[in-house]
Amino acid sequence: MTEQLLEIKKDLSKKLKKDRFEHTIGVMYTAASLAMRYGEDIQKALTAGLLHDCGKFCPAKEQIKLCRKKGIELTESELEMPALIHAKLGAYLAEHEYGIKDREILDAITYHTTGCPDMTMLEKIVYIADYIEPNRAEIPGLSEVRRLAFEEIDQAVCRSAESTTRYLRDGGKAVDPMTVRTYNFYKKEK
């Protein structure tokens, strides 16, 4: 791990709640493992995994205020589902507070909650690492997605988006249109 990543890790350990920080470390190492599997840049995966939830250091209302203050545009669905806002805020913080200039890393942070059609390998890795990291509570289909993540990542993305969509709809919650677009794209790819 680079000196920069060690500093970021130290800072996040102070800013994030204990369970959020443990999840973050799980995502970071899971992303690195997936990067090794798929021949992706391990340092980029570690960096994106470590910073993916850096925008979750404060409650959703504060995240919205920060986005408005920093000129980060939010969609209607993000305002309806504030749990999504930390992704865009996190990409902003990664760039402006932690000095990350690599667009690929910033995009992986941006899309880690909803995915998007035709993701780069790094985007898929962080999206899936967030879903499958070892600290995640067991949910139906998780072990299958974990297996697929290391065998056929596009199928893992499809299953993850499908599961997220079904979970939200079954719970009477709104589903972000980008998650639906992600599912439809990767369903066709199968």
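The values are calculated or read from the model by the stated rules, or taken from the named source; none is laboratory data. Note that the structure is a prediction, hence the values are computed from the model and not measured. FYI the Cβ positions are ideal-geometry reconstructions off the backbone, even for glycines, and counts take in every protein chain you see. The protein model used for the area step is the full one, side chains on, heavy atoms only, and it has no ligands, DNA or RNA in it. Shrake-Rupley method; radii C 1.70, N 1.55, O 1.52, S 1.80 Å.
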(request) Identify the residue in the stretch 155-190 that is closer than 26 Å to THR75 by Cα and among the acidic types (Asp, Glu) and, among all such residues, is surrounded by the fewest Cβ atoms within 10 Å (Cβ to Cβ). (result) ASP170
(request) Determine whether the stretch 77-90 contains at least one residue that is out of contact with any Gly (no Cβ under 7 Å at 6 or more places or on another chain), surrounded by fewer than 19 Cβ atoms within 10 Å (Cβ to Cβ) and of a type in the set (A, V, I, L, M). (result) yes
(message) Suppose the filter is in a helix (DSSP H, G or I), in contact with a Pro (Cβ under 6 Å, 6 or more places away or on another chain) and either in contact (Cβ under 8 Å) with a residue 40 or more places away in the chain or among the aliphatic types (A, V, I, L, M) (or both); does GLY49 pass it?
(response) no
(message) If CYS58 meets every condition in (1) over 29 Å from GLN155 (Cβ atoms); (2) among the hydrophobic types (A, V, I, L, M, F, W, C); (3) open to solvent by less than 10 Å² (accessible area, probe 1.4 Å) apart from one, which number is that one?
(response) (3)
(request) For residues that are over 19 Å from the mean Cα position of the chain (by Cα) and free of Cβ contacts under 8 Å to residues at least 60 places away in the same chain, tally how many sit in the stretch 145-183. (result) 5
(message) Restricting to the stretch 71-103, and then to whatever is without any contact (Cβ under 8 Å) to a residue 24 or more places away in the chain, more than 22 Å from GLN4 (Cβ to Cβ) and not in a loop (DSSP other than H, G, I, E, B), can you tell me which residue is farthest from the chain's Cα centre (by Cα)?
(response) GLU76
(message) Where the second residue is hydroxyl-bearing (Ser, Thr, Tyr) and modelled with pLDDT of 95 or more and the first is assigned to a helix (DSSP H, G or I) and lies in the stretch 126-137, which pairs have Cβ atoms under 6 Å and are six or more apart or on separate chains?
(response) ALA129/THR30; TYR131/SER160
